[in-house]
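Report on one structure; see the data block that follows.
Derivation of every value follows stated rules applied to the coordinates shown; laboratory data play no part. Computed from a predicted structure; not experimentally measured. A quick note on method: Cβ atoms are made from the backbone with ideal geometry, for glycine too, and the neighbour counts reach across all protein chains shown.
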Amino acid sequence: MKPLPLPVRIAAGLAVTAVERARLLPQQLAGLPVTVVSEALQLSMRLQQQVTELAIKGDDVLSGMRPPEDEPEWATFDEDESPPVVASNTPRSAPVDPPEDTPDSGDDDPWTEEERAIAAEPPAALPVYDDLTLPQLRARLRVLSVEDLEELLAYERAHDDRPQFTGMLNRRIATVRAQS
């Protein structure tokens, strides 16, 4: 016997499948609303995930195009507006400099600069300076004199030279000088 053509076989398969599904329809009818709602929620969640992924990718691209703002122009802090409090009477120790008689004591040698930064002790006005975060340092600046602030600035420039810290110290020095 010769097999029937493919389109006829496909049509017969579709008819049998339709009859089988029609027999199961009364059983599935009770759960149909739940299934529809469930699939709609899944679709909604997938769409939200894709939108979030696109937003994250966009943020990554755009953040590379513009530098972050160190401190907004409109931001003011209490210590910038209040008068300075009594200066610290803590004795200061002089920073340790490398010997001058070494042949490689020039500023262009990175190893010398690193040795100089490691050898220097934290400023006497704030011995815990290296452990302070930016907000913690900001809170302690009100009680420091201009000399103490300049010592902190020199120490910061010799070590980490973080723009946020040097900018804040420069602004505080200018504020204290203006109030004097």
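So what does the Cα-only Debye profile of the stretch 1-40 read at q = 0.15, 0.27, 0.29, 0.32 Å⁻¹, as log10 I(q)/I(0), no solvent term?
Computed log10 I(q)/I(0) values: -0.55, -0.86, -0.90, -0.96.
Can you work out the FRET efficiency for the pair residue 32 and residue 8, with r the C-beta to C-beta distance and R0 = 35 Å, to the nearest 0.05? The partial results should precede the final answer.
Details: r = 32 Å, r/R0 = 0.93.
That gives a FRET efficiency of 0.60.
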